[in-house]
Amino acid sequence: MWHKDRDGIKLVKIFIYLTDVNIDCGAHFFILGSHKKKPLRFVPQFRYKDRAIKNNFNIENIIEIVGKAGTCFVEDTSGFHRASRPKNGNNRSIISFTYFTGPLYHKHNCEYIEL
């Protein structure tokens, strides 16, 4: 499901596919521009279904990242992203490295956040 990482205010991840990845293997998706709106404070990590995302974002801004083993990409994962579900016994292997500015702190009385 769609989500934003919450490791810090400034956050970037480097992903490297260790296996060939196509739409049947768990391809990666990202919504361009969704990283620009950041919460003022840490909130619990919510996961959103496709319907909620399509109701709030232009689907033309969703990019799919596939590639051969060794494909590398860098992403600000404070933007909405997800992987597709592997099909027919296919899978993907990926390694990621994270850089962030420091932790955010959980606000315990935050129950839900609107898109």
Viscosity 0.890 mPa s, temperature 25 °C, Stokes-Einstein D of the stretch 11-100 from Kirkwood C-alpha radius, µm²/s: 174 µm²/s
Links exceeding 23 Å between C-alpha atoms in this model, out of LYS13/LYS87; LYS36/LYS68; LYS13/LYS36; LYS4/LYS36; LYS10/LYS37; LYS4/LYS49, come to LYS13/LYS87; LYS36/LYS68
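Only the coordinates and a few stated rules stand behind these numbers; no lab work does. Everything quoted here is computed from the prediction, not taken from an experiment.
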